[in-house]
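The values are calculated or read from the model by the stated rules, or taken from the named source; none is laboratory data. Quick caveat, the model's predicted, so the values are computed rather than measured. Heads up, the Cβs are rebuilt from the backbone with ideal geometry, glycines too, and the neighbour counts pull from every protein chain shown.
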Amino acid sequence: MNPSTSNPLSSSEALIAATRRWVERLVVGHNLCPFARRELEGERVRFTVTAAEDEEGLLMALAEELELLRRFPDIETTLLIHPQVLQDFLDYNQFLAACEALLLESGLEGVFQVASFHPDYQFAGTTADDAENYSNRSPYPMLHILREDSVARAVAGHPDVEGIPNRNIALLNELGAEQLRATLRDCLTDSE
């Protein structure tokens, strides 16, 4: 069994397909993360769905995923999709502190980091309708587990890491919230 593709949930295939389309079309398609294309094309991104229905279950799923990544270094990163828990963005945002605590308690702080994506993601100082929020808006709530050493290497090899957020904001504002909303909606229904 290949750990990068297996999942026990019957509906996980549709959730993963929508998430993959989001990564391909928005994240890679608009180069929001200049480091994502190589990992996606190299099939080093693990897409997985958890059946967790509460925060405790999600923390357990995160711990299991961290262990899997530790054991399988050929998997670069995981998108842990959790459609049944933390639908409210404020609850989700507060849960990120528990993720950080788990990394610290498990001795994995500095080894892995958790990035956040949510359908209702909203940066501080923005309104809910601001286009720039779409850099972190995903089809479903998810936790993105990254390897710290890989992030450090990617950042060191990029000519303008500090310019990425401003470039993304400008691009997303140019595209506009309406188009971005349609793209995200299409990722949920499209079968391309």
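One table, with the values for the structure above:
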read-out	value
Residue ID - surrounded by the fewest Cβ atoms within 10 Å (Cβ to Cβ), chosen from residues in segment 13-43 that are free of Cβ contacts under 8 Å to residues at least 40 places away in the same chain and of a type in the set (Lys, Arg)	Arg38
Residue check, Phe89 under 13 Å from Ser116 (Cβ atoms), modelled with pLDDT of 95 or more, aromatic (Phe, Trp, Tyr) and out of contact with any helix residue (DSSP H, G or I) (no Cβ under 6 Å at 6 or more places or on another chain)	yes
Unique residue being at pLDDT below 95 and β-branched (Val, Ile, Thr) when the list is Val155, Val114	Val155
Which listed residue, of Arg20, Arg70, Arg44, Arg25, is out of contact with any Pro (no Cβ under 6 Å at 6 or more places or on another chain), within 21 Å of Asn166 (Cα to Cα) and not hydrophobic (A, V, I, L, M, F, W, C)	Arg25
2 or more residues farther than 23 Å from Arg137 by Cα, over 15 Å from the mean Cα position of the chain (by Cα) and of a type outside the set (D, E, K, R): qualifying helices (runs of 4 or more DSSP H) within segment 1-114	55-71, 89-105
Failed item, numbered, when Gly176 is tested on (1) within 19 Å of Asp120 (Cα to Cα); (2) under 16 Å from the mean Cα position of the chain (by Cα)	(2)
Hey, Leu172 at pLDDT 95 or above and in contact with a helix residue (DSSP H, G or I) (Cβ under 9 Å, 6 or more places away or on another chain) or not	yes
Subset of segment 34-64 (residues that are touching a helix residue (DSSP H, G or I) at 6+ places or on another chain (Cβ under 9 Å) and of a type in the set (A, V, I, L, M))	Ala36, Leu40, Val45, Val49, Ala51, Ala52, Leu58, Leu59, Leu62, Ala63
Residue in segment 108-120 that is in contact with a strand residue (DSSP E or B) (Cβ under 6 Å, 6 or more places away or on another chain), among the polar types (S, T, N, Q) and under 28 Å from Arg185 (Cβ atoms) present	no
Subset of segment 115-129 (residues that are assigned to a loop (DSSP other than H, G, I, E, B), surrounded by fewer than 19 Cβ atoms within 10 Å (Cβ to Cβ) and not hydroxyl-bearing (Ser, Thr, Tyr))	Pro119, Asp120, Gln122, Phe123, Ala124, Gly125, Ala128, Asp129
Subset of segment 49-67 [farther than 12 Å from Leu86 by Cα and either exposed (fewer than 15 other Cβ atoms within 10 Å of the Cβ) or of a type in the set (Ser, Thr, Tyr) (or both)]	Thr50, Met60, Glu64, Glu67
Considering residues of segment 49-75 that are in contact with a Leu (Cβ under 8 Å, 6 or more places away or on another chain) and charged (D, E, K, R) only, the residue farthest from Pro119 (Cα to Cα)	Arg70
